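J.: Take this structure, written in C-alpha cells, and hold onto it; I'll ask about it next.
The values are calculated or read from the model by the stated rules, or taken from the named source; none is laboratory data. Keep in mind it's a predicted model, so treat the numbers as computed, not measured. Counting neighbours? That spans all protein chains shown, and the Cβs are built from the backbone with ideal geometry, glycine included.
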Amino acid sequence: MDVKQIYSSRMANFAYLVEDSPSKTAAVIDPSFDPEKILAEAENDGCRITHVINTHGHSDHVSGNAAILEATKADLLIHEADADQVSKLLNRTLSRVMGGRGSPRATRRLKDNDVIHIGETALTVIHTPGHTPGSVCLYAPGHLFTGDTLFVGAVGRTDLPGGSMEALLASIREKLYVLPDDTRIWPGHDYGNRPDSTIAYEKANNPFT
C-alpha cells in the first residue's frame, strides 16, 4: 500500500490517495478543493480510482467528491450517520461557497468494522463519533487515516451540530490509542506542527487527550 498526501491550502486540508500496487487501483480519502491534483497523481502512477471515502460529511472534506466521481465512476462511501448530510442543500451550498461542488449521494453506507477492499489492500472502518455522529477513521496495519477526529497535537472541534467532546475523547482513547504505537497517523488538516504522526507520539504529547 502506497499513501500520497495531497495538501489543499484553502482550509489546510489533507486528502489522501491510497494506492494498491498489485492491482493498480486506488481509493481517495476526503477530496477537498483540489481534485485535479488527486486525479493527476493517480494518472501519473497509472492507478485507477475505484473508491472515494469520506471520513465525515463536512463540506471541506466532500467538496471534491463530484469531480473525482465524474472522472472515475468510483463508488462513494461514508458512514451511515453522516450519509444524508453530504447531499443536503446546506452542505452543497457551503461547498460551492468554499470553491468546491456539492456532493452526490453515497453509494455505500458504512458501519463500524466494515472492511473496504482496494485491490489487495483492506481498510477497516473505525467509527469514531465526536466531531460528527458519523465520523470514521480508516485503518490498515501501520496506517490510520483520522479525518477530523485526531490531528497532530490536537483534536477535532466539537462545537458544531452533532459534536460531543466526551464522545470524541472516548473514541480516541478507546478505539485509536489501543492500536500499535508505531501506527502512522494521517490527519485531515495541517496545523503547522508536522504532516503526520504516530499513535505513540500522540499518546505522549497531545495536550487534549
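J.: Report whether or not Val115 is surrounded by fewer than 16 Cβ atoms within 10 Å (Cβ to Cβ), of a type in the set (Val, Ile, Thr), in contact with a Ser or Thr (Cβ under 9 Å, 6 or more places away or on another chain) and at pLDDT 95 or above.
T.: yes
J.: So, one more: Find all pairs meeting these conditions: Cβ atoms under 7 angstrom apart; at least six residues apart or on different chains; first residue within the stretch 74-85 and surrounded by fewer than 19 Cβ atoms within 10 Å (Cβ to Cβ); second residue at pLDDT 95 or above and small (Gly, Ala, Ser).
T.: Going by the 7 Å Cβ cut-off, the qualifying pairs are Glu80/Gly134.
J.: Right, here's the next one. Anything in the stretch 144-157 that is free of Cβ contacts under 8 Å to residues at least 60 places away in the same chain and either of a type in the set (D, E, K, R) or buried (at least 20 other Cβ atoms within 10 Å of the Cβ) (or both)? List them, or say none.
T.: Leu144, Leu150, Phe151, Val152, Val155, Gly156, Arg157
J.: Within the stretch 197-204, identify whether any single residue is free of Cβ contacts under 8 Å to residues at least 24 places away in the same chain and of a type in the set (S, T, N, Q), and answer yes or no.
T.: Within the stretch 197-204, one or more residues are free of Cβ contacts under 8 Å to residues at least 24 places away in the same chain and of a type in the set (S, T, N, Q).
J.: What do you reckon, is Asp30 under 18 Å from Pro104 (Cβ atoms), surrounded by fewer than 24 Cβ atoms within 10 Å (Cβ to Cβ) and within 12 Å of the chain's Cα centre (by Cα)?
T.: Here the answer is no, as Asp30 does not meet what is asked.
J.: Given the conditions (1) hydrophobic (A, V, I, L, M, F, W, C); (2) in contact (Cβ under 8 Å) with a residue 24 or more places away in the chain; (3) closer than 27 Å to Asp2 by Cβ, which single one is not true for Leu160?
T.: Going through (1) hydrophobic (A, V, I, L, M, F, W, C); (2) in contact (Cβ under 8 Å) with a residue 24 or more places away in the chain; (3) closer than 27 Å to Asp2 by Cβ one by one, Leu160 breaks only (3).
J.: Pairs under 8 Å by beta carbon, first residue in contact (Cβ under 8 Å) with a residue 24 or more places away in the chain and within 18 Å of Ala83 (Cα to Cα) in the stretch 104-125, partner acidic (Asp, Glu) and surrounded by 13 or more Cβ atoms within 10 Å (Cβ to Cβ), six or more apart or different chains?
T.: Thr107/Asp75; Arg108/Asp75; Arg109/Glu80; Leu110/Glu80; Lys111/Glu80; Val125/Asp112; Val125/Asp114
J.: Give just the number: which of (1) modelled with pLDDT of 95 or more; (2) assigned to a loop (DSSP other than H, G, I, E, B); (3) out of contact with any Phe, Trp or Tyr (no Cβ under 8 Å at 6 or more places or on another chain); (4) of a type outside the set (Ser, Thr, Tyr) does Ala167 not satisfy?
T.: (2) is the only condition that Ala167 fails.
J.: Now a separate question. Just checking, which of Asp148, Asp112, Asp190 is closer than 19 Å to His51 by Cβ and under 16 Å from the mean Cα position of the chain (by Cα)?
T.: Unique residue meeting the criteria: Asp112.
J.: Of the residues Pro141, Pro129, Pro104, only one is modelled with pLDDT of 95 or more, surrounded by 14 or more Cβ atoms within 10 Å (Cβ to Cβ) and more than 13 Å from the chain's Cα centre (by Cα); which?
T.: Pro129
J.: Can you give me the number of residues within the stretch 45-69 that are in contact (Cβ under 8 Å) with a residue 24 or more places away in the chain and outside any helix (DSSP H, G or I)?
T.: 14
J.: Same structure, new question: Looking at this structure, is Pro31 of a type outside the set (A, V, I, L, M, F, W, C), within 17 Å of His117 (Cβ to Cβ) and either touching a Leu at 6+ places or on another chain (Cβ under 6 Å) or part of a loop (DSSP other than H, G, I, E, B) (or both)?
T.: No, not satisfied.
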